[in-house]
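K.L.:
One structure coming up, written as structure tokens, with questions to follow.
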Amino acid sequence: MFNAPVPVVLIALSMPVLFFFQRQLPDMGGAMAFAPVDLENGRWGGLLTAMLLHGSWTHAIMNAVGALAFGAPVARLFGDRIGPTVFLLFYIGCGVIAALGYGLVHWGSNDAMVGASGAVFGLIGGATRLMGGQGRVLSLFNRRVVSASIAWMAVNALTGLIGYAPGAEGARIAWEAHAFGFFAGLLAIGPLARAFGKGPLPDAASDEPESRI
């Protein structure tokens with residue numbers, strides 16, 4: 001986190017900077033937010049622009065810290081040449097899939113969603129398969145990957161319940177987007193590592209086969 005590659009630092013810095021300018025807009029950027037009903041009406045732009053917006057300073061700063069912490073190992077995996085481009089596409093792709101998943105789950109809803117949390121959870125998913133891998137991607141079914149994924153989704157489910165607490169109706173968290181982003185990163189990191197980084201590393205502590213996902 002404290003020695004993150006430049007692309008990761010730029011993404012993290014962009015979040016509070018963009019939120020500063022977002023606050024100057026008459027609608028606080030509402031026109032660029034994503035609502036599931038947009039899919040029904042053929043408006044797809046919000047899948048991308050929603051991740052440029054945040055709901056508060058706390059929201060923006062937490063996502064910036066998350067991007068720094070979990071984006072660093074993912075960015076290092078892809079190297080310095082084409083790596084920054086691959087990392088950026090990975091980040092954006094996870095964010096778009098997160099928003100799309102949220103839209104499909106809540107099809108037709110007018111409840112808008114903003115934030116880069118889905119993309120950040122994609123970084124978390126990717127970083128989860130790098131834990132203890134010495135710079136390489138662990139098998140998707142590695143015990144550490146499975147246990148960490150279960151733990152992350154449990155935390156995600158608990159945070160999603162915050163919006164249902166009495167008096168917290170304005171604090172609804174798009175936990176579904178987090179989940180879609182996480183699994184997008186978890187699955188995509190393997191093929192991308194084989195194409196642009198170091199290949200998957202089988203679990204040396206077990207006889208589990210190397211994942212092809």
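The values are calculated or read from the model by the stated rules, or taken from the named source; none is laboratory data. Owing to the predicted nature of the structure, the values given are computational and were not obtained by experimental measurement. For neighbour counting, all protein chains shown are included, and Cβ atoms are generated from backbone atoms with ideal geometry for every residue, glycine included. These accessible areas exclude ligands, DNA and RNA; they are computed on the full protein's heavy atoms, side chains included. Shrake-Rupley method; radii C 1.70, N 1.55, O 1.52, S 1.80 Å.
K.L.:
What residue, among those in the stretch 29-61 that are assigned to a loop (DSSP other than H, G, I, E, B) and in contact with a Leu (Cβ under 7 Å, 6 or more places away or on another chain), is modelled with the lowest pLDDT? Before you say what the answer is, go through the steps one by one.
P.N.:
Initially, the stretch 29-61 is screened for residues assigned to a loop (DSSP other than H, G, I, E, B), giving 29, 33, 35-36, 41-45, 53-56.
Among the residues that remain, those that are also in contact with a Leu (Cβ under 7 Å, 6 or more places away or on another chain) are: 29, 33.
On the way: Gly29: 91, Ala33: 95.
Restricting to residues being assigned to a loop (DSSP other than H, G, I, E, B) and in contact with a Leu (Cβ under 7 Å, 6 or more places away or on another chain), the top hit is Gly29.
K.L.:
Would you point out the residue of the stretch 122-153, among those that are in a loop (DSSP other than H, G, I, E, B) and among the charged types (D, E, K, R), that is least open to solvent (accessible area, probe 1.4 Å)? Quick ask: steps written out before the conclusion?
P.N.:
Taking the stretch 122-153 first, the residues in a loop (DSSP other than H, G, I, E, B) are 129-136, 139-142.
Keeping just the survivors that are among the charged types (D, E, K, R) gives 129, 136.
Values: Arg129: 0, Arg136: 108 Å².
Top of the filtered list is Arg129.
K.L.:
Let me ask something else about it. Quick one: Phe87 ticks every box in (1) of a type outside the set (S, T, N, Q); (2) open to solvent by 10 Å² or more (accessible area, probe 1.4 Å); (3) within 13 Å of the chain's Cα centre (by Cα); (4) closer than 24 Å to Ala193 by Cα bar one, so which box is it?
P.N.:
(2)
K.L.:
When you look at Ala75, is it surrounded by 23 or more Cβ atoms within 10 Å (Cβ to Cβ) and within 30 Å of Arg136 (Cα to Cα), yes or no? Give the steps one after another, and end with the answer.
P.N.:
Working: surrounded by 23 or more Cβ atoms within 10 Å (Cβ to Cβ): yes; within 30 Å of Arg136 (Cα to Cα): yes.
The answer is yes for Ala75.
K.L.:
Quick check on the stretch 91-109: of everything there that is part of a helix (DSSP H, G or I), out of contact with any helix residue (DSSP H, G or I) (no Cβ under 6 Å at 6 or more places or on another chain) and more than 13 Å from Ala179 (Cβ to Cβ), which residue is most open to solvent (accessible area, probe 1.4 Å)?
P.N.:
If we take residues in the stretch 91-109 being part of a helix (DSSP H, G or I), out of contact with any helix residue (DSSP H, G or I) (no Cβ under 6 Å at 6 or more places or on another chain) and more than 13 Å from Ala179 (Cβ to Cβ), then Ile92 is most open to solvent (accessible area, probe 1.4 Å).
K.L.:
Quick one: in the stretch 3-28, of everything that is in contact (Cβ under 8 Å) with a residue 40 or more places away in the chain and in a loop (DSSP other than H, G, I, E, B), which residue is farthest from Pro84 (Cα to Cα)?
P.N.:
Residue satisfying both the conditions and the ranking: Asn3.
K.L.:
Scanning the stretch 30-47 for residues that are open to solvent by less than 50 Å² (accessible area, probe 1.4 Å) and hydrophobic (A, V, I, L, M, F, W, C), which turns out farthest from Gly95 (Cα to Cα)?
P.N.:
It comes out as Val37.
K.L.:
Another question, then. Consider Ala174 against the criteria (1) buried (at least 24 other Cβ atoms within 10 Å of the Cβ); (2) modelled with pLDDT of 95 or more; (3) aliphatic (A, V, I, L, M): it satisfies all of them except one. Which criterion is unmet?
P.N.:
Failed condition: (2).
K.L.:
Can I ask one more? Can you name the residue in the stretch 180-199 that is open to solvent by 20 Å² or more (accessible area, probe 1.4 Å), part of a helix (DSSP H, G or I) and small (Gly, Ala, Ser) and, of all such residues, is modelled with the highest pLDDT? Don't jump to the end; show me each part of the working.
P.N.:
Filtering the stretch 180-199 for residues open to solvent by 20 Å² or more (accessible area, probe 1.4 Å) gives 180, 183, 187-188, 191-192, 194-199.
Now narrow it down to the ones that are part of a helix (DSSP H, G or I): 180, 183, 187-188, 191-192, 194-196.
Checking which are small (Gly, Ala, Ser) leaves us with 188, 195.
Details: Ala188: 97, Ala195: 90.
The selected residue is Ala188.
K.L.:
Next question, about the same structure. For Ala112, indicate whether it is touching a strand residue (DSSP E or B) at 6+ places or on another chain (Cβ under 7 Å) and open to solvent by 10 Å² or more (accessible area, probe 1.4 Å).
P.N.:
Values: touching a strand residue (DSSP E or B) at 6+ places or on another chain (Cβ under 7 Å): yes; open to solvent by 10 Å² or more (accessible area, probe 1.4 Å): yes.
Judged against the criteria, Ala112 is a match.
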